[in-house]
Amino acid sequence: MNQGAGATRRQAGWLQAAQHRGLLSGLLWPVSLVYRGLMGIRRRLYAMGVLQVHRLDVPVIVVGNVVVGGAGKTPCTIALVNHLSAQGWRPGVVSRGHGRQSVGVAAVQAASSATEVGDEPLLMHRRTGVPVCVASRRADAARALLAAHPHVNVLVCDDGLQHLALGRDLAIVVFDDRGVGNGWTLPAGLLREPWPPRPGAPFRPDMVLRQTREGGTGSTVDAVDMPAFNAVRRLAADAIGPQGQRMPLAQLQGEPVTAVAGIARPRVFFDMLRDRGLAPVQEVPLPDHADPTAYAEVLRGAGHVLVCTEKDAVKLFPLMPPDGPRQAWAVPLELQPDPAFFAAVDAHLAALQTRR
């Protein structure tokens with residue numbers, strides 16, 4: 001627990017420092033120029049065809065971000081997949097599967113473990129019910145998914161904005177309330193690539209989705225001449241138990257709870273719980289994609305009802321004995337984009353079908 005807590009504090013400290021152009025960022029700025037140059041060379045090699053871009057026979061929608069530390073890609077992917085299904089599409093999802101200990105291509109099943117396929121792919125499969133496949137090379141995952149599920153007619157690539165080897169037909173970049181941080185690239189800032197991209201730049205995103213917490217201030221990210229839309233994220237009204245049981249989150253108001261979050265920014269989840277009237281007596285921040293052993297330690301040390309994110313629940317709930325005394329609840333995160341966002345996606349896909 002101490003090692004995990006130390007890693008979480010270091011991660012939070014760096015994320016905070018990268019919001020401003022202070023001493024640490026200034027010292028790292030020369031290194032960021034090298035990083036930026038290498039990323040630019042890599043992008044040009046793909047654009048020139050020196051490095052291969054794999055095109056597929058179905059439309060590919062990429063959802064990603066240009067800042068590190070979690071900007072809401074997974075909730076966006078879930079909302080987008082559910083919308084596509086409602087519109088009559090038959091979507092599938094491909095992802096790298098961060099945090100998994102398996103290698104090669106793996107199909108996500110309802111009974112899969114986070115160790116096998118990664119916590120976010122497992123969550124996306126359970127929330128959407130669509131086929132999900134993971135691999136370090138997204139193109140390999142995409143081909144395997146289409147071979148196993150030939151009915152799939154659109155693919156959504158989670159966290160694939162910088163994975164240029166998989167051809168994309170629509171690229172959506174997601175921002176949260178941090179915007180672009182201090183505006184510098186890694187490691188001096190939060191940016192994985194320069195923002196905003198210059199007009200005509202290869203692999204330039206097609207649209208921007210700016211997320212904000214319910215009741216918070218919106219992002220002021222410069223979208224240049226790209227279509228930009230807003231989305232509100234909030235905690236669901238009901239919490240979900242290990243056996244799928246539901247309980248109004250409001251029932252935990254005034255109760256002593258231990259809040260657990262193994263995400264990029266645990267503090268955001270803790271703050272959102274307080275916004276909904278909960279007052280955790282203990283907060284346990286864990287590293288993003290934390291190992292299941294960290295959750296086992298939480299179970300041993302917590303003395304109250306546990307409240308966690310859905311992403312944590314895929315690793316925490318399997319550790320709980322069905323007849324044990326400990327209660328645990330996962331609180332889903334809901335994302336509500338502007339209706340215009342989905343309309344823009346629909347229009348893009350309709351135009352793509354016409355061209356094909």
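The values are calculated or read from the model by the stated rules, or taken from the named source; none is laboratory data. Please read all numbers here as calculations on a predicted model, not as lab measurements. So basically every Cβ, Gly included, is an ideal-geometry build from the backbone, and we count neighbours across all protein chains shown.
For Lys311, state whether it is within 25 Å of Gly215 (Cβ to Cβ), among the basic types (Lys, Arg) and buried (at least 20 other Cβ atoms within 10 Å of the Cβ). Write out each step before concluding.
On the way: within 25 Å of Gly215 (Cβ to Cβ): yes; among the basic types (Lys, Arg): yes; buried (at least 20 other Cβ atoms within 10 Å of the Cβ): yes.
So Lys311 passes the test.
Only one of these is at positive phi, touching a residue at least 60 places away in the same chain (Cβ under 8 Å) and in the same structural domain as Leu23 (by TED's automatic domain parsing): Asp206, Asp159. Name it.
Values: Asp206 fails: at positive phi.
Answer to the selection: Asp159.
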Mind checking which pairs have a first residue in region 255-279 that is among the acidic types (Asp, Glu) and a second that is at pLDDT 95 or above and surrounded by 20 or more Cβ atoms within 10 Å (Cβ to Cβ), Cβ under 9 Å, 6 or more apart or different chains?
Glu255/Leu278; Asp275/Leu235
Condition set part of a loop (DSSP other than H, G, I, E, B) and out of contact with any helix residue (DSSP H, G or I) (no Cβ under 8 Å at 6 or more places or on another chain), scope region 229-249, selection farthest from Pro339 (Cα to Cα): answer is Gln243
Number of the condition not met by Pro202 [criteria: (1) assigned to a loop (DSSP other than H, G, I, E, B); (2) within 25 Å of Gly301 (Cα to Cα)]
(2)
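Take the residues in region 104-118 that are within 15 Å of Arg137 (Cα to Cα) and in a loop (DSSP other than H, G, I, E, B), then tell me which one is nearest to the chain's Cα centre (by Cα).
Of all residues in region 104-118, those within 15 Å of Arg137 (Cα to Cα) come to 104-107, 117-118.
Still in the running and in a loop (DSSP other than H, G, I, E, B): 104-105, 118.
Working: Gly104: 21, Val105: 20, Gly118: 12 Å.
The residue in question is Gly118.
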For residues that are surrounded by 21 or more Cβ atoms within 10 Å (Cβ to Cβ) and over 23 Å from Val68 (Cα atoms), scanning just region 281-300, find the one that is nearest to the chain's Cα centre (by Cα).
Tyr295
Hits in region 291-312 - residues which are in contact with a helix residue (DSSP H, G or I) (Cβ under 8 Å, 6 or more places away or on another chain) and of a type in the set (A, V, I, L, M, F, W, C)
Ala294, Ala296, Val298, Leu299, Val305, Leu306, Val307, Cys308
Single residue of region 181-229 satisfying the filter (among the polar types (S, T, N, Q) and surrounded by fewer than 17 Cβ atoms within 10 Å (Cβ to Cβ)) that is farthest from Val50 (Cα to Cα)
Thr217
Of the residues Leu191, Leu146, Leu122, Leu164, only one is out of contact with any Phe, Trp or Tyr (no Cβ under 6 Å at 6 or more places or on another chain), assigned by TED's automatic domain parsing to the domain that holds Ala344 and either among the aliphatic types (A, V, I, L, M) or on the phi > 0 side of the Ramachandran plot (or both); which?
Leu191
